[in-house]
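Taken together, the values in this text are just the output of simple stated rules run on the coordinates, not laboratory data. Keep in mind that this is a model prediction, so the values were computed, not measured. Heads up, the Cβs are rebuilt from the backbone with ideal geometry, glycines too, and the neighbour counts pull from every protein chain shown.
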Amino acid sequence: MNTGAITTRYATALLKFTLGNGSAPAVAAQVRELLKSPSSAEAELEPDLARFIGLLVSKGRRAYTVPVLRRFLELYYREAGITPVSIVTASPAPGFEDRVREMLEKNGGKSLLIESSTDPSLIGGFRLEYGGKVLDASVRRTLDVLQRRFVEKNNRIV
């Protein structure tokens, strides 16, 4: 069976249902938190989300829950004109998020939902995901590229 079709069908149904009764923003916010931190599932779910998950379980589609919720967020963001942005920096960078927001709003004009985090393994720099594209300006990536080039050149010599 086509997993993409099942995922899209259920996600579209959830989107239409929540848009119809006005609970889409609240459900989307809770889905975003659930996907980011599954331990937050212990909190009380939005009634529409709880009913929907119950429907998935009753139809034997429990294994599709996470992909359906991810697809729901994609569809909701498109419907609401929201562009999700992920910024990962090697260390906290105060003001960086504001500069990125300003630059992207000038160029894109859409409403942005920015999520920031830190990852020390980047060593330095940042990683930005926006509109399906990735800008990786981290020291870790630069070192990986240099290592790959070094190995390729040495393999040609031998």
TODO: With a Förster radius of 30 Å, plug the Cβ-Cβ distance of residue 82 and residue 59 into 1/(1 + (r/R0)^6) and report the FRET value to the nearest 0.05.
DONE: 0.55
Task: Answer label, with Kirkwood radius over Cα pairs in Å calculated from the coordinates and candidates (i) 18.3; (ii) 16.1; (iii) 16.8 - done: (i)
Task: Relative contact order for region 1-131, counting Cα pairs under 8 Å that sit 6 or more residues apart, in percent - done: 26 percent
Open item on the list: Please enumerate, by chain and number, the aspartates and glutamates with C-alpha under 14 Å from the C-alpha of residue 110, excluding those fewer than 8 residues away in the same chain.
Closed with: 79, 102
Task: Degrees, to the nearest 10: 3-21 long Cα axis against longest axis of the chain - done: 60 degrees
- [ ] Please list, in chain and number order, the residues 5+ apart from residue 118 or on another chain whose amide H is under 5 Å from its amide H, with Hs placed from the backbone.
- [x] 89
- [ ] Report, in debye and to the nearest 20, how large the dipole of the chain comes out about its Cα centre when Lys and Arg carry +1 and Asp and Glu carry -1 on their Cβ.
- [x] 760 debye
TODO: Go ahead and run the numbers for FRET between residue 19 and residue 93, Cβ-Cβ distance against an R0 of 35 Å, rounding to 0.05.
DONE: 0.45
Open item on the list: Could you check the spin-label model distance between residue 50 and residue 26? Points 7 Å from the Cα along Cα→Cβ, value in nm.
Closed with: 1.2 nm
- [ ] Please label the shape of region 83-157 as rounded, prolate or oblate, based on the square roots a ≥ b ≥ c of the eigenvalues of the alpha-carbon gyration tensor (a/c under 1.5 means rounded; beyond that, a/b larger than b/c means prolate, else oblate).
- [x] prolate
Task: Computed E for residue 107/residue 156 - FRET, C-beta separation, R0 35 angstrom, nearest 0.05 - done: 0.30
